[in-house]
Amino acid sequence: MSVIIAIDIGGTQLRVSIYPQDSIVPINVQRAPTHGMEDGAYDRLTALIDSVWPKEPVDAISVAAPGPVEPKTGIIFSTPNIKEWVNFPLGEKLNSRFGVPVFLNNDAKMAAVGEWRYGAGKGHHDVLYLTIGTGIGGGVILDDHLLQGYRSLAAELGHVTVLPDGPLCSCEQRGHLEAVASGSGIANYVRERLAAGEKSALTPEMAASAKEIAQAARQGDKLAIKAFTRAGQFLGRAVADFLHVFNPSIVIFGGGVSQSSDLFFGPMRTTMVNSVMDPIYVKDLVITTAQLNDDAGLLGALAQAEVMLAKR
Ligand SMILES: [Zn+2]
């Protein structure tokens, strides 16, 4: 029996998971912090892979990495949490170090593939996946194919302009969906309103996290409710645009902020329905939350490796 090694490079954790053939139940999972006192992230990653290297033959290593990456060459252009990885040839390095095929893709795209093959999107052929956490990422499956683009940079769904001249995005452009509707976008808005003198049970320190703001919203805090409603409305407008462009049969919301879906799904849905050019776009459209949570990236990496190996 052979195995596939799936790797998820998160902002705080590196995770390595070993899956036997035709199974999504790992036989071994190990983690290490992405940032440590010594060595680089690459050294910690290879040490982690060494520590779990199985007796069984390894068919491939498949990596879900944050930030823009080029799957064809295995290069990570840049990644927000590992500053030393700029134009970093992770695929080539892992391939020459471990001697097996290495596949690499963006973590949001991998999570989309994971949800499509093994999670909330099972049975669908046209899937729009949005992950809403500190940032906003996405992945699109059309006709059972992951949408990649010329340099595999397609489907940066968080970086569409929803508020011209709006707040600064993590990408340094202004008014992107991520800047207004992500966890940090919601927190920034609350802090801005507090600074403007708006009344709320929240203090600027509490407003640092979307989780605390969600808690306040559930206790009836008007500013907190407004912040989630506003984010939901921006999201709804963007999703309507995505429906026009991709025409999916299901929209899946993943990421930490999506766990507060009760707060923004209502406004999101209303705005989305009101913003489509024709009601046919929302007819039978499934809107749901992700099922695989933290494992979506790992399982997506596994699914992608299976697809790539089958092509060989
Ligand atoms: Zn942006």
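Within the range 199-213, can you find the residues that are of a type in the set (Ser, Thr, Tyr) and either within 13 Å of the ligand (Cβ to nearest atom) or crowded, with 16+ Cβ neighbours inside 10 Å (or both)? Give the steps one after another, and end with the answer.
Kept after step one, since they are of a type in the set (Ser, Thr, Tyr), are these residues of the range 199-213: 200, 203, 209.
Across the range 199-213, the qualifying residues are SER200, SER209.
Could you say whether any residue in the range 64-79 is touching a helix residue (DSSP H, G or I) at 6+ places or on another chain (Cβ under 8 Å), among the charged types (D, E, K, R) and assigned to a strand (DSSP E or B)? Checked against the condition, which is being touching a helix residue (DSSP H, G or I) at 6+ places or on another chain (Cβ under 8 Å), among the charged types (D, E, K, R) and assigned to a strand (DSSP E or B), the range 64-79 yields no hits at all. The listed residues are LEU163, LEU130, and the only one of them that is buried (at least 18 other Cβ atoms within 10 Å of the Cβ), within 16 Å of the ligand (Cβ to nearest atom), within 16 Å of ARG237 (Cα to Cα) and not β-branched (Val, Ile, Thr) turns out to be LEU130.
Give the residues of the range 111-129 that are over 17 Å from GLY256 (Cα atoms) and either assigned to a loop (DSSP other than H, G, I, E, B) or without any contact (Cβ under 8 Å) to a residue 12 or more places away in the chain (or both), sorted by residue number.
Filtering the range 111-129 down to residues over 17 Å from GLY256 (Cα atoms) leaves 113, 116-118, 121-128.
Across the range 111-129, the qualifying residues are GLY121, LYS122, GLY123, HIS124, HIS125, ASP126.
Of all residue pairs spaced 6 or more apart or on separate chains, those with beta-carbon atoms under 6 Å, a first member in the range 145-156 that is within 20 Å of GLY121 (Cβ to Cβ) and a second member that is away from the ligand (no atom under 16 Å from the Cβ) and outside any loop (DSSP other than H, G, I, E, B) are LEU146/VAL113; LEU147/VAL140; ALA155/GLY139; ALA155/VAL140.
Of all residues in the range 170-198, those that are within 9 Å of the ligand (Cβ to nearest atom) have Cβ atoms under 9 Å from Cβ atoms of residues that are polar (S, T, N, Q) and assigned to a helix (DSSP H, G or I), 6 or more apart or on another chain, in SER170/SER184; GLU178/SER184; ALA179/ASN188.
Condition test on GLU70, is it of a type in the set (Asp, Glu), in contact (Cβ under 8 Å) with a residue 12 or more places away in the chain and surrounded by fewer than 18 Cβ atoms within 10 Å (Cβ to Cβ)? So GLU70 fails the test.
Taken together, the values in this text are just the output of simple stated rules run on the coordinates, not laboratory data. Keep in mind that what you see is a predicted model, and the values were worked out from it rather than measured. Note that we place each Cβ from the backbone using ideal geometry, even for glycine, and neighbour counts take in every protein chain shown.
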